[in-house]
Amino acid sequence: RMMIRWWRLALLVLLLPQVCGMDLDVEGDNEASGAAEEAHELLRRGSGQHTDNWAVLVCTSRFWFNYRHIANTLAVYRTVKRLGMPDSHIILMLADDMACNPRNSEPGAVYTDDRRGVVADLYGDDIQVDYKGYEVTVESFTRVLTGRHPEGTPPSKRLQTTERSNILIYMTGHGGDEFLKFQDAEEISSRDLADSFSQMWQKRRYNEILFMADTCQAGTLANHFYSPQILAVGSSAKDENSYSYGHNDHIGVSLVDRFTFKILDTLQSVSVGSSARLFSDMLDKLQPSFLLSTPTMNKRLWKHRPLNEVLVTDFFGATITVETGATPYPLNGGVEVGGGGG
């Protein structure tokens, strides 16, 4: 019996490398197949074609002296609505209510300046704030991105995007090296954002993302992004501040930041269906001499189509694609009636 056991042990030792080699080969084949499928999926989803645009607009600051951060966010909100994006496709997150602040000399209103010297009320009557006050947290923002909401969350608080959706994510507040503060109580890091975007890509929640941040050291927020088809733009580089623009004596505070002011100034000339290019007509005009900081553009994850082909309206405004599949047919003695109009 002892001899039989020794023979069994020797046979096992001889066969073990071959069995392991077979397992390794199978594992290697699986990895190669997975890599090929991932490459195919990237090419398929990287055509640049999309059916709809969405926006997540976030002000992370509280307190009266941060008035401009609320105004920044509301100004972008008004702009994307002017360009046709409906409230159903906008998630608006405001950490404070400046319109009802007791220090506000213009109750019920929030103002901003533009280059023409016009002071415009951004609040108005047709505003839809989805998250306000203490609802604006790192957790709620992350849930919006990933779609992991508690049961009973209404559709108006959900980002109901698909693999064909382009998303504008605009964030403003106070930040630092690879982080952005939420209400001076917590912060979201570059790694947190990167992991959220990764979940979005795996769950087919976006086609392309334009991430814009107006905060100190904004460019560092994109340091750890690793998911494809994301373009990240920041108001300042590492160790640089982001600055406000001007001061309104009547309100008593600054009404806008320089980076956002420049973006809005460019968007004033953009209309629905415009052929303005995102890079040459907008981002290339962000001059350090005006911003007093170095604007950043992280394009290392943008490899699926040339940047010079990207339109401003690929992210700002509405995109609606309708495919009926119907062909024209003759009516009234052969007169062809196609799908037109109004």
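The values are calculated or read from the model by the stated rules, or taken from the named source; none is laboratory data. Given the structure is predicted, the values throughout are model-derived calculations rather than measurements. Virtual Cβ from ideal backbone geometry, glycine too; neighbours counted across all protein chains shown. Calculation scope for accessible area: heavy atoms of the full protein, side chains included, ligands and nucleic acids excluded. Shrake-Rupley method; radii C 1.70, N 1.55, O 1.52, S 1.80 Å.
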Have a look at D184, D177, D130 and point out the one that is open to solvent by less than 70 Å² (accessible area, probe 1.4 Å), among the acidic types (D, E) and within 25 Å of C216 (Cα to Cα).
D177
Is it fair to say R204 is closer than 25 Å to D52 by Cα, among the basic types (K, R) and either more than 12 Å from the chain's Cα centre (by Cα) or surrounded by 17 or more Cβ atoms within 10 Å (Cβ to Cβ) (or both)?
yes
Contact list, first residue from the range 166-184 and of a type in the set (K, R), second anywhere and crowded, with 20+ Cβ neighbours inside 10 Å, beta-carbon distance below 7 Å, six or more apart or interchain, is K181/T60; K181/G173; K181/G175
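Let's see how each residue does on (1) aliphatic (A, V, I, L, M); (2) more than 16 Å from the chain's Cα centre (by Cα); (3) under 18 Å from V312 (Cβ atoms):
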position	(1), (2), (3)
H50	no, no, yes
F65	no, yes, no
I70	yes, yes, no
T73	no, no, no
Y77	no, no, yes
L92	yes, no, no
N101	no, yes, no
N104	no, yes, no
Top-ranked residue in the range 133-156 [being assigned to a helix (DSSP H, G or I), among the charged types (D, E, K, R) and more than 23 Å from E208 (Cβ to Cβ); ranked as least open to solvent (accessible area, probe 1.4 Å)]:
E135
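Identify the residue in the range 288-313 that is part of a helix (DSSP H, G or I) and touching a residue at least 40 places away in the same chain (Cβ under 8 Å) and, among all such residues, is most open to solvent (accessible area, probe 1.4 Å).
We begin by selecting, within the range 288-313, every residue part of a helix (DSSP H, G or I); these are 288-291, 307-309, 312-313.
Now narrow it down to the ones that are touching a residue at least 40 places away in the same chain (Cβ under 8 Å): 291, 307, 309, 312-313.
Details: L291: 3, L307: 34, E309: 96, V312: 2, T313: 21 Å².
Here the answer is E309.
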Search the range 188-200 for residues that are among the charged types (D, E, K, R) and pair each with any residue that is not in a helix (DSSP H, G or I) when their beta-carbon atoms are under 7 Å apart and the residues are at least 6 apart or on different chains.
R191/H224
Which pairs turn up if I take residues in the range 64-79 that are farther than 13 Å from D265 by Cα and look for partners that are among the charged types (D, E, K, R) and modelled with pLDDT under 95 with beta carbon separation below 6 Å, at least 6 apart in sequence or on another chain?
W64/R103
Here are some residues: K285, K238. Which one is of a type in the set (D, E, K, R), free of Cβ contacts under 8 Å to residues at least 60 places away in the same chain and either open to solvent by 20 Å² or more (accessible area, probe 1.4 Å) or over 28 Å from N101 (Cβ atoms) (or both)?
K285
